[in-house]
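The values are calculated or read from the model by the stated rules, or taken from the named source; none is laboratory data. Quick caveat: nothing in here was measured; it's all calculated off a predicted structure. Please note: Cβ atoms are built from the backbone with ideal geometry, for glycine as well, and neighbour counts cover all protein chains shown. When the accessible area is computed, the model is the full protein with side chains, heavy atoms only, and any ligands, DNA or RNA have been set aside. Shrake-Rupley method; radii C 1.70, N 1.55, O 1.52, S 1.80 Å.
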Amino acid sequence: MNEHAEMAEQIYFANNGAIDLLTGAISQSRFDQIVKRDLQLSHRNQNQLIIISIRFNLNNYLAINNQMGAEQIKTEVESELVKIYFDLQNIFRQSDCICRISTLGFWVLLTGMSKSDGELLLTRTSDLLPKYLDLAISYHNSGESQLDWYAQIDKLHFLK
């Protein structure tokens, strides 16, 4: 497991304040601004906000692709991250925000969708994406702060 953590640290993860330089997904700071704005709008309009977490499970990926060397794995994973981002763009609406939140993961912000629609979309997304990805969904609760919501999503995304 330590070897995989070291490998994950080698994967390119940088942004210019607006977009992730590897995938083209929006940056974390831009995502935060959009979430803050949408939280304010959702309180006024009574809209549901949802974040779907998509995490690249390196252990599952390596179990499928165990014949590669370390440098080849790094290159392949970076290539897969770019491909996943383009797949996400095809799955979600253009108005949905896709952020590369971590070295091996994305968050997708959805607005104006019911919980049942969110569950259906999560199932559909799971069916369309590679099986080595871990998906989870988090709904914003009325009155919950952005930081508290992020803490809930962090548990889903980082602590698996």
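Hey, among the residues in region 112-144 that are open to solvent by 80 Å² or more (accessible area, probe 1.4 Å) and within 10 Å of ILE50 (Cβ to Cβ), which one's farthest from the chain's Cα centre (by Cα)? By that ranking, first place goes to LYS115.
Could you please find all residues in region 16-28 being farther than 21 Å from GLU144 by Cβ and either assigned to a helix (DSSP H, G or I) or modelled with pLDDT under 95 (or both)? Residue satisfying the conditions is GLY17 alone. Only one of the listed residues (ILE34, ILE51) is buried (at least 16 other Cβ atoms within 10 Å of the Cβ), modelled with pLDDT of 95 or more and of a type outside the set (Phe, Trp, Tyr). That residue is ILE51. Restricted to region 76-89, and to residues there that are closer than 13 Å to LEU129 by Cα and free of Cβ contacts under 8 Å to residues at least 12 places away in the same chain, the residue that is surrounded by the most Cβ atoms within 10 Å (Cβ to Cβ) is GLN89. Looking across ILE73, ILE64, one residue alone is of a type in the set (A, V, I, L, M), surrounded by fewer than 17 Cβ atoms within 10 Å (Cβ to Cβ), modelled with pLDDT under 95 and farther than 24 Å from GLY17 by Cβ. It is ILE64. Has region 98-108 got at least one residue that is under 15 Å from GLN48 (Cβ atoms) and open to solvent by 50 Å² or more (accessible area, probe 1.4 Å)? Within region 98-108, none of the residues are under 15 Å from GLN48 (Cβ atoms) and open to solvent by 50 Å² or more (accessible area, probe 1.4 Å). Pairing residues of region 4-31 that are without any contact (Cβ under 8 Å) to a residue 12 or more places away in the chain and more than 15 Å from GLY105 (Cα to Cα) with residues that are polar (S, T, N, Q) and crowded, with 17+ Cβ neighbours inside 10 Å, at Cβ distances under 8 Å and at least 6 apart in sequence or on separate chains, gives ASN16/SER27.
Filtering region 83-132 to residues that are basic (Lys, Arg) and under 21 Å from ASP38 (Cα atoms) leaves ARG93, ARG100, LYS115.
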